[in-house]
Every structure is written in C-alpha cells, then in structure tokens.
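Worksheet: the structure to be examined is printed underneath.
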Amino acid sequence: MAIGWMTILANVPWTEVIKNAPVVADGARKLWKKVGGRAAGPVSASAPRTQPGTPEEQLALLQARVDELHGEMLAASEVIRSLAEQNAQLVARIESNRRRTLALIVINIGVAAMALLAWLR
C-alpha cells in the first residue's frame, strides 16, 4: 500500500503545485470577499412550494428561493475558502519537509563520505 502512495506522490508536479498554491488561496479569498460581503435576507421556511396565482405571491416565492440559493452559495464559498487555505498550508508543509529531506540527504552523504575516508586510512 505504501508503494502505491509513494508512486502517486512521486508523480505529482510539486513545483507546479507549490507555485500555484498562493494563486488558489488568493482566488478563494477574492471569491469569499465578493460573495460573503452581501447580506442574505431571511429565508421563509413556511413558503409554499406550489405556484401561487397572483404576481405578488410569485414574486415573494421567487425572492424566498433567491435568498435560499444565496445562503447555499455563501456556505459553498466558505467551504471553498477553507479548502483553499488548508491546501496552501499543506503545500507549505510539504515544501518544508522536502527541503528538510534534501538537507538530510546531503548531510548523510557527507557523513558517509567522511566515514569512508576514515575507514580507508
């Protein structure tokens, strides 16, 4: 199972992911500011689902539906914003781990070279 994950992680273009993470986070923030700045009116839970006869009743029903959809859109954009921020944090941690791993590899190669030289003397 670990080999499958390693294969998947090895095939991810990390440089592209890291390069695009801030753009994704900024896009989510802009979407949240644009959508979250508007106040949705209260949604009437007792609004009938049948088509009323007068235009005023139809307009009220449509306005209630628009308010309901706006609330759903706000919730969805909050989820998108949260996911984008989590993605940016994850990418930053992965980049940090990649750098640490690279440093450990270089240090281990240096220690192995020194041990080999000490052994050969």
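Looking only at residues in region 7-21 that are surrounded by 10 or more Cβ atoms within 10 Å (Cβ to Cβ) and over 14 Å from Arg93 (Cα atoms), the one that is modelled with the highest pLDDT is Asn20.
Among the residues of region 88-121, those that are among the aliphatic types (A, V, I, L, M) and either within 31 Å of the chain's Cα centre (by Cα) or on the phi > 0 side of the Ramachandran plot (or both) comprise Ala88, Leu90, Val91, Ala92, Ile94, Leu102, Ala103, Leu104, Ile105.
Being touching a Ser or Thr at 6+ places or on another chain (Cβ under 8 Å), modelled with pLDDT of 85 or more and either part of a helix (DSSP H, G or I) or exposed (fewer than 12 other Cβ atoms within 10 Å of the Cβ) (or both) holds for only one residue in Ala118, Ala64, Ala103, and it is Ala64. Per the listing Gly27, Gly53, Gly41, the residue uniquely part of a helix (DSSP H, G or I) and either modelled with pLDDT under 90 or of a type in the set (D, E, K, R) (or both) is Gly27. Listed conditions (1) at pLDDT below 90; (2) exposed (fewer than 12 other Cβ atoms within 10 Å of the Cβ) are all met by Leu83, apart from (2).
The values are calculated or read from the model by the stated rules, or taken from the named source; none is laboratory data. Given the structure is predicted, the values throughout are model-derived calculations rather than measurements. Glycine also receives a Cβ, built like all others from the backbone with ideal geometry; neighbour counts cover every protein chain displayed.
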